[in-house]
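Scroll down for the structure; my scribbles are underneath it.
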Amino acid sequence: MNIQLHQKKVFFASDFHLGAPDEKSSKIREDKIIQWLNSIEDEAAAIFLVGDIFDFWFEYEKVVPKGFIRFLGKIAQLRDKNIPICFFTGNHDLWMKNYFTDELGIPVHQNPIELQIENKKFLIGHGDGLGPGDNRYKILKKIFTNSACQWLFKWVHPDLGIKFAQKWSGSSRITNDLKNENEFKGEDEWLWQYCKTIQEHRHFDYYIFGHRHLPLDLPVGKSSRYFNLGEWVNHFTYGEFDGKEFKIKTFQ
């Protein structure tokens, strides 16, 4: 995949967690996200939404979660203007399937992807389950992504399934501060370690991830950088690439 900018920019954001921690605050956040999308649409060559856009998403055969209609309408409008949009699944919305692709022409990626923008090489993904550690989640992810487990879950009535998922989500770090996720972990930043490991074998100019909930800009070797996009509950940060430089910005 190769993107040419033609004097435009590419934008990146992750971890909107729409739906959490409650309907009222989620709608306020949804409005702010739409304001951001409005502000960038005239100069966007492409938009990458890098996982955990929803705090929960499960696609039944004929049913998708209720809500988020203003956000969905906005991205439909952007697609109608032929602005490419790429979705990535995160640990909260890893059950996204073909709804966005079929309805809006938006590809959904379950794993990191490589692409070139102008003459720069990017590795982009949500970041969950990558790098050392986090073994409990890696085991859970294998269960959640198991086709047999998904088949069994789809037979649970959507009202019960979504209620259960919301309760599970209520214990996540987006609704509490038990894990001190806003603290920089130095050399123990596991996504940073992951980027360094990849760089030993293959070169990328930019490593772009979400999941961490902390905006980060860190060197990877001599000529590469790892950026974490932060989140939209507290930081309201996003990435912008103009063909020459990648920056983390805050939407006011």
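Just a few scattered comments:
- Of all aspartates and glutamates in the structure, those lying under 17 Å Cα to Cα from Lys121, and not within fewer than 8 positions of it along the same chain, are Glu200, Asp205, Asp217, Glu240, Asp242, Glu245.
- Computed over region 1-61, Cα set: Rg, Dmax in Å: 14.1, 41
- For region 185-252 and region 1-54, distance of Cα centres in Å: 17
- Estimated purely from DSSP H runs of n ≥ 4, each contributing -39500 (n - 2.57), the mean residue ellipticity at 222 nm for the chain is -9000 deg cm²/dmol once divided by its residues.
- Amide hydrogen neighbours beyond the local backbone of Ile117, cut-off 5 Å, H modeled: Ile3, Phe122
- Nitroxide proxy distance, nm - points 7 Å out along Cα→Cβ at Gln4 and Lys249: 2.4
- Taken over the alpha carbons of the chain as equal point scatterers, the Debye sum produces base-10 log I(q)/I(0) values at 0.08, 0.12, 0.13 Å⁻¹ of -0.30, -0.69, -0.82.
- Order of Ser224, Ser14, Ser25, Ser147 - criterion: other Cβ atoms within 10 Å of each residue's Cβ, fewest first: Ser147, Ser25, Ser224, Ser14
- Interchain or long-range residues, amide H under 5 Å from Val220's placed H: Arg225, Tyr226
- Rounded to whole Hz, the Karplus (6.51, -1.76, 1.60) HN-Hα couplings of region 227-244, x for glycine and proline: 10, 10, 7, x, 8, 10, 8, 10, 8, 6, 9, 8, x, 9, 10, 9, x, 10
- Order of Cys195, Cys86 - criterion: other Cβ atoms within 10 Å of each residue's Cβ, fewest first: Cys86, Cys195
- In terms of distances greater than 23 angstrom between alpha carbons, the cross-link table entries Lys74/Lys120; Lys66/Lys247; Lys81/Lys244; Lys27/Lys74; Lys8/Lys81 yield Lys74/Lys120; Lys66/Lys247; Lys81/Lys244.
- As a rough footprinting exposure proxy, the listed residues Val50, Val156, Val233 were ranked by other beta carbons within 10 Å of their own, and the order from fewest upward is Val156, Val233, Val50.
Readers should treat all values here as calculations from the given coordinates under stated rules, not as data from a laboratory. Predicted, not measured: the structure shown is a model, and the values here were computed from it. Cβ sites come from the backbone with ideal geometry, for glycine too, and all protein chains shown count toward neighbours.
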